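Here the structure comes first, spelled out in structure tokens, and everything after it is commentary.
Every number in this text was worked out from the coordinates using simple rules, so none of it is lab data. Quantities reported herein were computed from a predicted structural model and do not represent experimental measurements. So basically every Cβ, Gly included, is an ideal-geometry build from the backbone, and we count neighbours across all protein chains shown.
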Amino acid sequence: MHEAPDELDTGARRVTITVNGHCGQHAVQPRTHLVDFLRESLGLKGSHLGCEHGVCGACTVRLDDTVVRGCLVLAVQADGRRVETIEGLSERGSIRDLQQAFIRHNALQCGFCTSGMLMAASELLEHKPGASREEVREWMSGNYCRCTGYQAIVDAVCEVLASRRVGAAV
Amino acid sequence: MKAPAFSYARPRQLAEVLALLDRHRDEARLLAGGQTLLATLNMRLSEPALLIDLQGVAALRGLQLSGNTLRIGAMVTHSEIEASPEVARHAPLLAMAAPHIAHRAIRNLGTFCGSIAYGDPAAEWPACLLALDGVVVARSVAGERRIAAKDFYTGLYTTTLEPNEMIVACELPLATSGQRYVFDELSRRHGDYAVVGLAAGAQLQNGVLGKVRLAWLGTGSMPQRSLATEQVLDGQRLSQAVLAQALQTLRAELQIEGDLTHSPAAKQHLVGVMLKRALHTLTQQPALQA
């Protein structure tokens, strides 16, 4: 056989991942997805696991500069890359207005979906500052909420879009 | 659920990828965007021994225009296509279809070629590839093979790819002046699986339809062209009589299967509605100024 035996080794690999600005080396098994790694190995419990097959959006995090489903990325895939979770995004302060708007509009009840909602909305605020309500609904349609009926979430995102537009115009 | 145990490799050269794939064949799975693969692993619908991550292979990245061809590398994501001015100009059908694919977070990682390889009958890209007469560029240790879109799918999630072969790119002819396109899809919620969808193209000269292409998604076990209906429309002006004949031909021609939410009869009705709308749009919209 010409097969190198270690090609099928399922054991842990050394990876270097920058999480919320902190670069660290970790050992992870190939089968571990990014959110299990963040929650179990790093204790970052802000990213939630709902469906674990890419449907609900509760696990949304940033990989390099774009939002992804944390349950549909392996931790080994993030080797050499940057990850940002809701903890990092909150600390940066760049979505403080969005978080305040969520509170004002009661855009959360149990809070399970909220970190994913905020991650998804943060990319919308950056990429589509002129988004209409319909575009907000489309953009956020990949994130499930079982409490709010979505209206309050969309209201909150739309309000921040509007207030940032006013801010940008001044 | 959690994925079963598997091994992982991240080669930097295409030759290494092909060698690994040749050694492990069906035991290996290629990991491009992983937006279908990871879900099937988590649900344990798939238990490969080895994942070969393609992210380190520079040769598989990027969109390229050369001559009258758009080449979409294996690692090009849905979001890259959605944001590309070259795609909007030279392959407008793709720009129209991209927003229908899942949701932003998934479009940021999922790839065009991954969708082509997986061959979900309800997916957008396989129908676009068919409508545009695209070419799948496949590689193995034995060399390169170019497969016409119409020959690529053989059944449900089944393609002509060999176990040691991978898609390195897809190539699409650039849109020519006077070309028109429509992409339409019905789904229960934005980003959900299509109930039915249509990728269509045509030319219109003095009101006469030509080069009509109708490729359907969500209608059966694989994406399908409706060639007889295209022939009914080619060389005709759109009229009530032509439309009626086209609809009758379409109903006879399409092999429609139901799904969890829609019966074949419901889909049969919906494809007719969709064809009517598409022909209306094709004959009303301004032609491409290429």
Item to complete: Can you spot the lysines whose alpha carbon is less than 21 Å from B:Lys150's alpha carbon? Ignore those fewer than 8 places along the same chain.
Response: B:Lys211
Worksheet entry | For residues of B:45-56, the mean tally of beta carbons on other chains within 10 Å | 2
Response to the item:
Listed by chain and number, the residues whose amide H is under 5 Å from that of B:Gln179, excluding neighbours fewer than 5 places away on the same chain and using placed H, are B:Leu288
Worksheet item: Under a 5 Å amide H to amide H cut-off, with H placed in plane at 1.01 Å, what residues pair with A:Arg13 once short-range neighbours are removed?
Response: A:Val28, A:Gln29
Worksheet item: What's the angle, to the nearest 10 degrees (0 to 90), between helix A:114-127's Cα axis and the longest principal axis of chain A?
Response: 70 degrees
Worksheet item: So, with +1 on the Cβ of K and R and -1 on the Cβ of D and E, and no other charges, what is the size of the charge dipole of the stretch A:93-169 about its Cα centre, to the nearest 20 debye?
Response: 140 debye
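Loop only per DSSP, at most 11 neighbouring Cβ atoms within 10 Å: give me the trypsin sites (Lys or Arg not before Pro) in the stretch B:78-116, ordered by residue number. Kindly include the intermediate steps, with their values, before the conclusion.
Details: sites: B:Arg89, B:Arg104, B:Arg107; in loops: none.
For trypsin sites (Lys or Arg not before Pro) across the stretch B:78-116 that sit outside H, G, I, E and B with at most 11 neighbouring Cβ atoms in 10 Å, the list is empty.
Can you give the calculated 222 nm mean residue ellipticity of the protein assembly as shown, where each DSSP H run of n ≥ 4 adds -39,500 (n - 2.57) and the sum is split over every residue, rounded to the nearest 500 deg cm²/dmol?
Values: 17 runs with 157 residues, N = 460.
Here the helix-only value at 222 nm equals -9500 deg cm²/dmol.
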Response to the item:
Straight-line reach check, B:Lys2, cutoff 26 Å on alpha carbons, 8 or more apart in-chain or any other chain, hits among lysines -> A:Lys45
Worksheet entry | Pairwise centroid distance, computed over Cα atoms, of the stretch B:170-221 with the stretch A:1-61, Å | 39 Å
Worksheet item: Dipole magnitude of chain A about its Cα centre, charges +1 at Lys/Arg Cβ and -1 at Asp/Glu Cβ only, in debye to the nearest 20?
Response: 560 debye
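Report, in debye and to the nearest 20, how large the dipole of chain B comes out about its Cα centre when Lys and Arg carry +1 and Asp and Glu carry -1 on their Cβ. Kindly include the intermediate steps, with their values, before the conclusion.
Details: 27 positive and 25 negative charges, 93 e Å.
Charge dipole of chain B: 440 debye, to the nearest 20.
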Practice prompt. Under 18 Å Cα to Cα from B:Lys267, which aspartates and glutamates show up? Leave out anything in the same chain fewer than 8 places away.
Written response: B:Asp120, B:Glu124, B:Asp184, B:Glu185, B:Asp192, B:Glu253, B:Glu257, B:Asp259
Worksheet, complete the sentence: With the 8 Å Cα cutoff and a minimum separation of six or more residues, the stretch B:7-51 has a relative contact order in percent of 53 percent
Worksheet item: In what sequence, highest mean first, do B:252-258, B:78-84 appear when ranked by Cβ atoms within 10 angstrom?
Response: B:78-84, B:252-258
Practice prompt. Summarise the partner chain shielding of A:130-139 as one whole number: the mean count of Cβ atoms from other chains within 10 Å of each residue's Cβ.
Written response: 1
Item to complete: Quick one: angle between helix B:240-253 and the longest Cα principal axis of chain B, in degrees between 0 and 90, rounded to 10, please.
Response: 40 degrees
Worksheet item: Under 5 Å between amide H atoms, partner at least 5 residues away or on a different chain: which partners does B:Ala122 have, H built in plane at 1.01 Å?
Response: B:Gly218
Worksheet item: Just going by the charge dipole of the protein assembly as shown, with Lys and Arg at +1 and Asp and Glu at -1 on Cβ, which of B:Gly235, B:Gln284, B:Ile101 is farthest out on the positive end?
Response: B:Gln284
Fill in: Cα gyration tensor shape of the stretch A:18-170, rounded if a/c is under 1.5, else prolate or oblate by comparing a/b with b/c
prolate
Practice prompt. For the stretch B:3-19, just list the computed ³J(HN,Hα) in residue order, Karplus coefficients 6.51, -1.76 and 1.60, θ = phi - 60°, integers in Hz, with x standing in for Gly and Pro.
Written response: 5, x, 6, 8, 8, 9, 9, 10, x, 9, 10, 4, 4, 5, 4, 5, 5
Item to complete: In whole Hz, with x marking every Gly and Pro, tabulate ³J(HN,Hα) for the stretch A:31-40 from phi via Karplus 6.51 cos²θ - 1.76 cosθ + 1.60, θ = phi - 60°.
Response: 6, 7, 7, 4, 6, 4, 4, 5, 6, 8
